[in-house]
Amino acid sequence: MRKYLHNTLIFLAIFFLSDELNSAEKNYQLETLSNQLDRPWDIDFLPNGDFLISELTGNLRIFNKRGVLSQPLKGLPSILVKSQGGLSDIAIHPNFSDNKLIFLSFSSTKSQGNTLQVVRARLNNETLSDVRTIFIANAFRETAAHFGARLLFLSDNTLLISSGDGFNHREKAQSLNSHFGKILRINIDGSTPSDNPFFARKDILPEIWTYGHRNQQGLIIDNNGAVYSHEHGPRGGDELNLIKPGLNYGWPAITYGIDYNGSIVSPFKEADNMEQPLKYWVPSIAPSDMTFYEGPLFPEWNGSLFISALSPGDVRRVTLRDNKFESEEVMFGEINSRIRSVKTAPDGSLIILTDGSKDKNTGQMIRVLPN
Amino acid sequence: MFVIKKIIILGFSFVLSASLVGSAVILQSTLWNLFWLKMQGFDISLGTFLLTFSHDIQGALSPILVQWGVPINFYSVISASLLIAFLVTFLARLMIPINSRFSYSFAGFLSIYVMITLTIMQYDGIILISGARENTGLFVLCCVGALGGFLFDFLVNRFPGRVK
């Protein structure tokens, strides 16, 4: 009898506690802003409150304050739209209000093969002008895969670019004579900053900031100036890394993942002079973007990293303590879709883009607001 | 009775040659990866090789994709390629009198080449077998397929006396 009562009490405690936890978890509501985007890839925020949205299919659009999605902006250069290639990241210059500069990454075809390209342009009233190529990666491949393609402004207004390993060229992530599997740092005119870690070395490409990466689609800076990147692993082995200039992040010499055909890429998971991830995922979550949250709407989330995941399709809220992994919370699974991007809007809401890769014009833009 | 024996011999020969080809393809990938790591200064001992190879064999037996709701592993993909190639060769030899050892070896060679090419087309240029990313590696893999065809023909023709 006593045992029966004991079990009943435990059951009731769990029942009510889980209910309490559930209601505590749902401190937000989701508002769909658009569901007609064509494979959206990135979103950034203009000072006037408009959103700038890139679509992998080669379009750049503005979603204005009135909730109207513009026609594709004209004036973009020729873009390779194939497989994982297309128009990718947007970075708005920190002094956009003065110089109207935006930066775009995309895949393009050159005579040597497909590669990652970065242009800068001036954006005035939904019109692009003065479009100039500032960077073409020395990472030519026959595939349209693993371009990386994230852009990030550092506090000194230099630009970081993530360049993926091209899938078939993974070993070149360890070679300092190519841009495969690297994070690169350039000035906004395309020149190389003289304080880059390998700038003085004649045998190394001077743009290289870090190396040994696979396909890095998350690149952010927190309010203390620490840079974080995440990258897709093969089968398992997605990584979140703290990025410091000049360091080697190990791919494919060390990895927690295995190859798609089931074979081992490397039997080693650590090695001297190769950095360990802050966190790795086995099985893969296919991390697609990341944002550092600091805003007034969800004070309990301040200081968290939000990582969008394509597989199975959710967002991971990751907390760090002293630059070490502390906890992970799986969120927004109710969207029930591959999540392509997550960003913190200037008002403190989160903006989520779904991948929309199954059918044309089905990508969603969802705003996360407090309940 | 004769037909049953013949079927058993054909099945046995095919399973053996397909297993050999699958394992050799895995071995090539294992060696390819470990050789690169050795070049990078990693210590590759015999134990590391054996451990990696056995893991790779296990990996090849686990499903790599689900097609039509059926999980498919790497050995199945290779077996299907060889099966189609050997069937086509068998039918072709009914019409064209070609040396059987040569024709099955050639079919094995071609089956691996076609399998890798089709996989590359399916995945937009991505090569799933790391050892096939360079021409030398691809050629070695095709030769492994040829060896499989040679073995298949050798085994099938070794037993007819007993079958009879």
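No lab work stands behind these numbers, since they all come straight from the coordinates. Every value quoted in this text rests on a predicted model; they were computed, and no experiment measured them. Glycine also receives a Cβ, built like all others from the backbone with ideal geometry; neighbour counts cover every protein chain displayed.
With an 8 Å cut-off on Cα pairs and a minimum separation of 6 or more residues, tell me the relative contact order of region A:77-154 in percent. Intermediate values should be presented prior to the final figure.
Values: 163 pairs, mean separation 23.9, N = 78.
Relative contact order here is 31 percent.
Using a Gaussian network model of chain A whose springs link C-alpha atoms within less than 10 Å, name the residue from A:D322, A:D195, A:D222 with the highest mean-square fluctuation.
Of A:D322, A:D195, A:D222, the most mobile in the Gaussian network model is A:D322.
Rounded to the nearest Å, what's the spacing between the alpha carbon centres of region A:89-128 and region A:304-371? Just the number, please.
Spelled out, the Cα-based centre of one part sits 24 Å from the other.
Give me the compactness ratio for chain B, meaning the Cα radius of gyration over 2.2 N^0.38 Å.
Against the compact-globule rule of thumb, the ratio is 1.14.
Using a cut-off of 9 Å between beta-carbons, work out the net charge of the residues near A:V282 (Lys and Arg +1, Asp and Glu -1, A:V282 not included).
Around A:V282, the charge tally is 0.
Hey, what angle do you get for helix A:2-25 against the long axis of chain A, alpha-carbon based, 0 to 90 degrees rounded to 10?
It works out to around 40 degrees.
With a cut-off of 8 Å between alpha carbons and a minimum separation of six or more residues, what is the relative contact order of chain A in percent?
13 percent
With r defined as the distance between the Cβ atoms of A:N27 and A:D156 and R0 fixed at 35 Å, what FRET efficiency is calculated, to the nearest 0.05?
In this case the efficiency is close to 0.45.
For region B:1-52, what D do you get in µm² per second when you plug the Kirkwood radius from alpha-carbon pairs into Stokes-Einstein at 37 °C and 0.692 mPa s?
Result for D is 245 µm²/s.
Could you pull out which residues in region A:276-315 have an amide N less than 12 Å from a spot 7 Å beyond the Cα of A:E329, following the Cα-Cβ vector?
A:298-306
Can you tally the net charge around A:L33? Count Lys and Arg as +1, Asp and Glu as -1, for every other residue whose Cβ sits under 14 Å from the Cβ of A:L33.
+2
In region A:262-287, which residues have a backbone nitrogen under 12 Å from the label point lying 7 Å from A:R321's Cα in the Cα-to-Cβ direction?
none
Using amide H atoms built 1.01 Å from N in the peptide plane, name the residues 5+ places from A:F135, or on other chains, whose amide H lies under 5 Å from its own.
Placed amide hydrogens put A:V118 under 5 Å from A:F135.
In the structure displayed, which of A:K100/A:K343; A:K279/A:K324; A:K82/A:K358; A:K269/B:K38 lie more than 18 Å apart, Cα to Cα? Don't skip to the end; give the middle numbers.
Values: A:K100/A:K343 21 Å; A:K279/A:K324 8 Å; A:K82/A:K358 15 Å; A:K269/B:K38 15 Å.
The answer is A:K100/A:K343.
Output needed for region A:137-248: three equivalent-ellipsoid semi-axes, defined as square roots of 5 times the C-alpha gyration tensor eigenvalues, in descending order, whole Å.
Those come to 20, 17, 12 Å.
Go through region A:354-369 residue by residue and turn each phi into a ³J(HN,Hα) via Karplus (6.51, -1.76, 1.60, θ = phi - 60°); whole Hz please, and just put x for glycine and proline.
Result, rounded to whole Hz: 8, 5, x, 8, 6, 10, 5, 6, 10, x, 9, 10, 10, 9, 9, 10.
When the distances between all Cα atoms of region A:265-360 are binned every 10 Å from zero, what whole-number percent does each bin get?
Percent of Cα pairs in each bin: 15, 41, 30, 12, 2.
Considering every Cα-Cα pair within the protein assembly as shown, what fraction, in whole percent, is farther apart than 33 Å?
Roughly 49 percent, rounded to a whole number.
Under the rule of -39500 (n - 2.57) per DSSP H run of 4 or more residues, summed and divided by the residues of the protein assembly as shown, what mean residue ellipticity at 222 nm is obtained, to the nearest 500 deg cm²/dmol?
Details: 8 runs with 155 residues, N = 535.
Estimated from H runs of four or more residues: -10000 deg cm²/dmol.
Can you give the convex hull volume of the alpha carbon atoms of region A:73-119 per residue, in Å³? Write out the running numbers ahead of the final one.
Details: hull volume 4.1 nm³, N = 47.
For region A:73-119, the hull spanned by Cα atoms encloses 86 Å³ per residue.
Along the Cα→Cβ direction, 7 angstrom out, place labels at A:D222 and A:K358. What is the inter-label distance in nm?
Taking the simple label geometry, A:D222 and A:K358 are separated by 3.6 nm.
Summing Lys, Arg as +1 and Asp, Glu as -1, what charge do residues with Cβ under 14 Å from the Cβ of A:A144 carry, A:A144 excluded?
Its environment carries a net charge of +1.
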